[in-house]
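Written out below as structure tokens is the structure these notes cover.
The values are calculated or read from the model by the stated rules, or taken from the named source; none is laboratory data. What you see is a predicted model; the values in this text were computed from it and never measured. Using ideal geometry, Cβ is built from the backbone for each residue, glycine included, and neighbour counts are taken over all protein chains shown.
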Amino acid sequence: MSCGAELAPICPSCGAENPSGAKFCIECGSPLTDAGAGPEPRPEIAAEAPPEERRQATVLFADLSGYTAAAERMDPEAVKALVDRTLRRLGEEIERFGGTIDKFIGDNVMGVFGAPIAHEDDPERAVRAGLAMQEAMEGANRQGQARHGVSFSLRVGINSGEVMAGAVGDRYTVMGDVVNVAARLQAAARPETVTVGESTYRATREVISYERLEPLQLKGKEEPVPAWEATRALTEPRRGISRARTPLIGREEEASLLLSLVERIGHEGRPHLVTVIGQAGVGKSRLLRELVSTLIDSDDPPTIRSGQCPPYGSGIAYWALAEVLNQEFEILDTDSPELAWEKLRAGVTGLLEEFGDREAGERNARLLAIPLGLEPAEEEPTQVDADPQRMREALFSAARAVVEAIARRRPLVLAIDDIHWADEGMLDLIDHLTRWVRAPLLLVCLTRDELLERRPGWGGGRRNATTISLEPLTADETRELVAALMPKRPGADEDGGPIEGGDVVPQVAERSGGNPLFAEEMVNRLLEEDTVEAEALPTTVQALLAARLDSLDRLERRLLQSASVVGQTFWEGALAATAAEEGLDLGRTLAALEEKDLLAPSEGSRLTGEREYAFKHVLIRDVAYSMLPKSVRCRKHVEVGDFIRDRAGERSDALIGLIAEHFARAAALGSEAGLDSDALAQLQMQALESLEAAGDAAAALYSNAEAFDRYTAALELSESLDDADVARIGEKQGDVALRIGRVDAAVSVWERCLKYHRAQEDLARVADLHRKIGAALWHKGERRASIDNYQRGIDLLKDGPPCIELVRLYEEAASLYMHTGDNMLAIYASEKALRLAERLDEARAASRAHGIFGRVFGRIGDSEKARENLERSVALARDSDRAEAVRALLTLGYHLEVSEADYAGATEAYREALEIAHEVGDLPSQVELHASLGQLAVESAEWEEVERAAEASARLAEREGLHGKLCFPDVMRGVLSWRDGDWEDAAKHFRRAHELGEQVGRSEVAFTALHWLAITLRDSGDLAAAEAELTKALDICERAGLIAQSVEAISARAVVLALSGRGEQARAAAEEAERLSSRLHYPVGEAATAEAAGATAADPAESAARIDEARRRWLELGRPLDASRCLVVRGRLLLADDPEAASDLLAAAADEYESLGAPALAARVRERVEA
Amino acid sequence: MSSVKERALIEAPVSAVWALLDDPARYSEWNEDTIAVTGAPTKIERGSSFTMTTRSPFGMQPTTQFVVEELDDLHEIKLRCQTSGFYSHWFLTEAQGQTFAEVELGVEPIAGLRARVTSAMHTKSYLRRSAETAVDNLRRALKRTPASR
């Protein structure tokens, strides 16, 4: 029983309910009714069916409308026959352009371009087919009107993108959103138009003219869909600005050879064939453009004509010849046939008459009208020869006569592009012209390697033929090209300077594999999509490579796809299962792929006993991989993971990263492909275990970024993780995040872990996490929050049994207090840490405690005890932990530098620390160490090293977001500005460094910044401000117990006061400095106090003697800038009483500054002399 | 108001150093400015007071009352002169079997002419020298009295 109402059609493929009357599913694009009305359904799948694949394809829907009127007037059988005929005719256009008719349904046809066989220009083919269908429709309508008085309207919709291709039931078809959108675009199209979606538009906008439509509101789509209406195909592709700007790189020799051949034909008056051969995108056309533009700019340019052999369609033989003739005789696409013929006739006749062959003109024009598709006026019928061979000879003769005549006027360069797609006749014609033309003609033919498969002897064995083989660009050339393609930053000059997105240059260069087109397309995609993600493949490149893969034997392609799952390099053994499945000879197939230049054997192998191969181009691998369905990739990744684990045996730990990658990919793909939950859970568990192990292995080797990625990937497998897993892996992730400077990420993940452990009442873990969070916050400069966290951790554990977590808490707190200058608390916490560490036999913790003791003892002037502790700290660290050695050496270096003025020893310690910091990936320490080495270089006026260090330190701090650490490079930058006499800029840097140093609690850096600021103000002449800054610097010394530094600052203050004429105060300060220095036996203090004493001495002789003593001490310490300053100080003090002596001293100081690479300082001093 | 801090590593255990600090009767053993102490309890605690005659700048020998403002056994003691506002604030902590000491000397003037005069006399350099001397003298006193270690 039924009610008679029309049922909503259910999609047989995906089960979606569709609106009544729909012909294709709105969800997946599958047909909703059986084929029947259409002329020929798609053939059933043969035994050798195309495999299931994900493919980039372009789908075309064409729908006839307006035959209701016909149905009213005509017999149904006649209507059916008319529709049938019309659809057949339209279907021919799909096939003519290399597409396949997927299905006919009622008055609708669906065509597919790119499946099962891809062409590199499938979107273009589809749009050209759509336009041709509209033309064909016009013809069909003319006939329909004449015979039956009826006509139809045709709407075409086209869309491109990834589809799933393969068997559905017993039919091969394509499915996916792309299909659905194509159908919707067709439904929304205006009658007699071709409407395309965005991806089709992007892929074809250089060869098709479009009008943009208002975004279309398509059924099933939430957002309006951008759409364009194709208006016509362009004869010459439009070239974007970037294409025109592409520089010629790495092809200078070839360009020069071509130019010399042009000269040669000019001299010899004979033809020459040059064939430029190379893979798609390698730069053949670019080389030709370079030749053409050079010739056009030359004093006596030859005639240049060009033609292209299109890759599609039948009946377009001699297309390139037709293009050449159109150019020569200025025949336009828009010319009427009559006008075009007239232009051809007049042109050929005139040309041949010029050389005395009046009769041949008309005859040859008629012959040449054939490839142009022109028909002479009816009263002048063409004498077509019935014998094709004779007809061909006549055509060749006509073409030769015309080409020869053009070349006789002036040398002719005839460029034919893509001759690998040329019909046989066109190739023969080129050969004919090369042999028989008697005039200066250079035939430049561009082709891919495929031509040699058809014509192995092309151009060979002939004296007037040259072959130029273009190889991929070298790595350096490719980088240069990519850099040139990237836009310049505003303000950069045209010829160089920084570029936008410079960081992606190496990545793009590497992925393009030396192929300029790939590089250019990748850059275009980055710019268009405003991204720095260089991994995604432009559709143009994807299409090119997919076409190359489709040209392979089916089994070769299957093998290549399986290999792509392994990676860029793969082992023969990993393909054994595929070979067995497909019944192919593995060795022979690999050899064939090697022969086809797709693979190459690797030098060694990461798996002992396994022969290793590599894809010659990474993008071929990517495309091969992208074509595999996700479920197949999933299965194959598991197989590969198992294969590597089995073969690696005992070495599987070393390859755990690789194994993890395959299992993780399998899990992700399994989820995307909708694997059943049990199987998926098993995959995820396998992935989790291997990812965590891989993370641990990487962290142990200090490959921190890799470890971070592994743990992140493990945590993303959330479905198979319980809270304990999340807390365990998360904590490790935080550890490595901090090492690579990702402080916020570390704190965030640890806070989540904290919640879990608190719920578990695991005091030790909670306390330890407080320590980690405290340390991370300290890196950010949040001192108060950091101390709070340490205190919370200590409170949790201090009354319990000794444990390593408590030791670490004390040592972290001690370290913080030491830096902030809270020496008492630093010693208190260190003592606690050291005692516990010794009880627990924890060398690392003991090392850190000794380091803090040493640093504090150094500050208070007890150098002997300081050194003893610091050396002990280094020794313990070296024995226990490389990362800890960085800290120990840094602390030792600082002590040697500041307290003992042992700059050689300090340099050695810093360098060793930096080396280890690199090794273990400790970025925060690297920032500090670069700056420390820079500071030492300042003392010896080694400016190149100062600049290098400042740059390295700043770049690292900025890149890693270690803003608090910018105080270190800021001091360096300030010193460099001071050297250059740019007081304002120097002061700006020192003020910022001071502010940051205070903010993050680095009292020593804050002091150094203020001290340098005072020096700058003093040298700029602002003595009052200099004195004020020195007073502030002394406050820091007082607060943080920096006794050694305070001697230097008090001495500097004494000098400033003396220069200000405040003798009494100056002398008091100098005495205070000397008194302190005598207590400390501090070498820098002794030099500084001698200088202060010299500056403040009332007796001129004593003053001179003390200044000389200071100079000697500074020079002995290796601080020539300070020695020169002594001359300046003395000179300035003598200016009033003994100007001549003062001038001599200042002039000597200026000379010294000059020789120390500080000409700006020298100039400032000379200004004073002149004044 | 001025103050200075002095830090030092003293080669004696904390208990020995503390023994000299928490017993005003022994101040004259190590503090050369202390002439006499009277009225100090046997065991001081926070709030305890005593009278001390000291040598001040410019040769004066005032007798003033001191109060124990802070006291943390073996760790912290702060004494303040009720007349001038002068104070000494000591912290001790153990460092590798020895004593890390930090002393802050300063003046926080209280109302009155005498206090203002005292404050003016206690310049930073005077305080600095006093602090250094105090530490040096503590060291010497500890060397003289090994039995107290």
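Conditions tested, residue by residue: (1) over 17 Å from the mean Cα position of the chain (by Cα); (2) surrounded by fewer than 17 Cβ atoms within 10 Å (Cβ to Cβ); (3) at pLDDT 85 or above.
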residue: A:A439; (1), (2), (3): yes, no, yes
residue: A:L485; (1), (2), (3): no, no, no
residue: A:G491; (1), (2), (3): yes, yes, no
residue: A:P506; (1), (2), (3): no, yes, no
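A:G1001 meets the conditions (1) more than 14 Å from chain B (Cβ to nearest Cβ); (2) in a helix (DSSP H, G or I); (3) in contact with a Ser or Thr (Cβ under 6 Å, 6 or more places away or on another chain) in every case but one. The failed one is (2). Checking each residue in the stretch A:1067-1091 for being hydrophobic (A, V, I, L, M, F, W, C) and within 14 Å of another protein chain (Cβ to nearest Cβ) picks out A:A1068, A:A1069, A:A1070, A:A1073, A:L1076, A:L1080.
Residues in the stretch A:1038-1066 that are within 12 Å of chain B (Cβ to nearest Cβ) and either hydrophobic (A, V, I, L, M, F, W, C) or free of Cβ contacts under 8 Å to residues at least 40 places away in the same chain (or both) were compared, and the one that is nearest to A:R1018 (Cα to Cα) is A:I1050. Tell me, yes or no, whether the stretch A:798-812 has at least one residue that is in contact with a His (Cβ under 9 Å, 6 or more places away or on another chain), surrounded by fewer than 21 Cβ atoms within 10 Å (Cβ to Cβ) and charged (D, E, K, R). Checked against the condition, which is being in contact with a His (Cβ under 9 Å, 6 or more places away or on another chain), surrounded by fewer than 21 Cβ atoms within 10 Å (Cβ to Cβ) and charged (D, E, K, R), the stretch A:798-812 yields no hits at all. Pairing residues of the stretch A:936-952 that are of a type in the set (S, T, Y) with residues that are assigned to a loop (DSSP other than H, G, I, E, B), at Cβ distances under 6 Å and at least 6 apart in sequence or on separate chains, gives A:S940/A:G1118. Looking across the stretch B:65-77, the residues that are touching a Ser or Thr at 6+ places or on another chain (Cβ under 9 Å) and within 14 Å of chain A (Cβ to nearest Cβ) come down to B:L74, B:H75, B:I77.
Only residues that are under 25 Å from A:Q999 (Cα atoms), in a helix (DSSP H, G or I), modelled with pLDDT under 90 and among the hydrophobic types (A, V, I, L, M, F, W, C) were counted across the stretch A:918-975, and they come to 4. In the set (1) within 14 Å of chain B (Cβ to nearest Cβ); (2) more than 26 Å from B:A8 (Cα to Cα); (3) among the hydroxyl-bearing types (S, T, Y), the condition left unmet by A:S830 is number (2).
Candidates are the residues of the stretch A:640-663 that are among the β-branched types (V, I, T) and either more than 15 Å from A:L688 (Cα to Cα) or not in a helix (DSSP H, G or I) (or both); the one that is modelled with the lowest pLDDT is A:I644. In the stretch B:78-103, the qualifying residues are those that are in contact with a Ser or Thr (Cβ under 6 Å, 6 or more places away or on another chain) and farther than 16 Å from A:D862 by Cα, and the one that is farthest from the other protein chains (Cβ to nearest Cβ) is B:T83. Here's a check for you: in the stretch A:580-600, which residue that is among the small types (G, A, S) and outside any helix (DSSP H, G or I) is surrounded by the most Cβ atoms within 10 Å (Cβ to Cβ)? So the residue we want is A:A600. The set of residues in the stretch A:261-283 that are outside any helix (DSSP H, G or I) and of a type in the set (G, A, S) comprises A:G269, A:G278, A:A280, A:G281, A:G283. When A:R855 is tested against (1) among the basic types (K, R); (2) surrounded by fewer than 24 Cβ atoms within 10 Å (Cβ to Cβ); (3) within 14 Å of chain B (Cβ to nearest Cβ), exactly one condition is not met: (2). Looking across the stretch A:98-113, just one residue is part of a loop (DSSP other than H, G, I, E, B) and at pLDDT 90 or above, and that is A:G99.
Take the conditions crowded, with 22+ Cβ neighbours inside 10 Å, among the aromatic types (F, W, Y), away from every other protein chain (no Cβ under 11 Å) and out of contact with any strand residue (DSSP E or B) (no Cβ under 6 Å at 6 or more places or on another chain) and apply them to A:Y903. Does it pass? So A:Y903 does not fit the description; no.
Taken over the stretch B:1-18, residues that are within 13 Å of chain A (Cβ to nearest Cβ) and part of a loop (DSSP other than H, G, I, E, B) amount to 2.
For the stretch A:72-80, the criterion of a residue being of a type in the set (K, R) and modelled with pLDDT of 85 or more is satisfied by no position. Quick check: anything in the stretch B:34-41 within 14 Å of chain A (Cβ to nearest Cβ) and either aliphatic (A, V, I, L, M) or exposed (fewer than 15 other Cβ atoms within 10 Å of the Cβ) (or both)? Within the stretch B:34-41, not a single residue is within 14 Å of chain A (Cβ to nearest Cβ) and either aliphatic (A, V, I, L, M) or exposed (fewer than 15 other Cβ atoms within 10 Å of the Cβ) (or both). Annotation note: Cβ proximity below 7 Å between a residue of the stretch B:21-32 that is without any contact (Cβ under 8 Å) to a residue 60 or more places away in the chain and a residue that is β-branched (V, I, T) and in a loop (DSSP other than H, G, I, E, B) (sequence gap 6+ or interchain) occurs for B:D22/B:I44; B:P24/B:I44. Residue by residue through the stretch A:103-134, note down the ones that are farther than 18 Å from A:G161 by Cβ and within 32 Å of the chain's Cα centre (by Cα). Selection gives nothing.
For A:L806, the test of being away from chain B (no Cβ under 14 Å) and touching a Leu at 6+ places or on another chain (Cβ under 8 Å) is passed. Residues being touching a residue at least 60 places away in the same chain (Cβ under 8 Å), more than 13 Å from chain B (Cβ to nearest Cβ) and not aromatic (F, W, Y) are entirely absent from the stretch A:1021-1035. When we screen A:A883, A:A846 for residues that are surrounded by fewer than 24 Cβ atoms within 10 Å (Cβ to Cβ) and part of a helix (DSSP H, G or I), the only hit is A:A883. For the stretch B:54-87, taking the residues that are farther than 18 Å from B:E108 by Cβ and assigned to a helix (DSSP H, G or I), the one that is modelled with the lowest pLDDT is identified as B:F58.
Filtering A:P311, A:P302 for residues that are modelled with pLDDT of 90 or more and under 45 Å from the mean Cα position of the chain (by Cα) leaves a single hit, A:P302.
When the residues of the stretch B:19-32 are filtered to those that are surrounded by fewer than 17 Cβ atoms within 10 Å (Cβ to Cβ) and among the acidic types (D, E), which remaining residue is nearest to the other protein chains (Cβ to nearest Cβ)? Residue satisfying both the conditions and the ranking: B:E32. Based on this model, can you work out whether A:A183 counts as touching a Ser or Thr at 6+ places or on another chain (Cβ under 6 Å) and either buried (at least 24 other Cβ atoms within 10 Å of the Cβ) or without any contact (Cβ under 8 Å) to a residue 60 or more places away in the chain (or both)? No; evaluated as a whole, the condition is false for this residue. Put simply, of A:T349, A:T294 the only residue that is crowded, with 17+ Cβ neighbours inside 10 Å, hydroxyl-bearing (S, T, Y) and modelled with pLDDT of 85 or more is A:T349.
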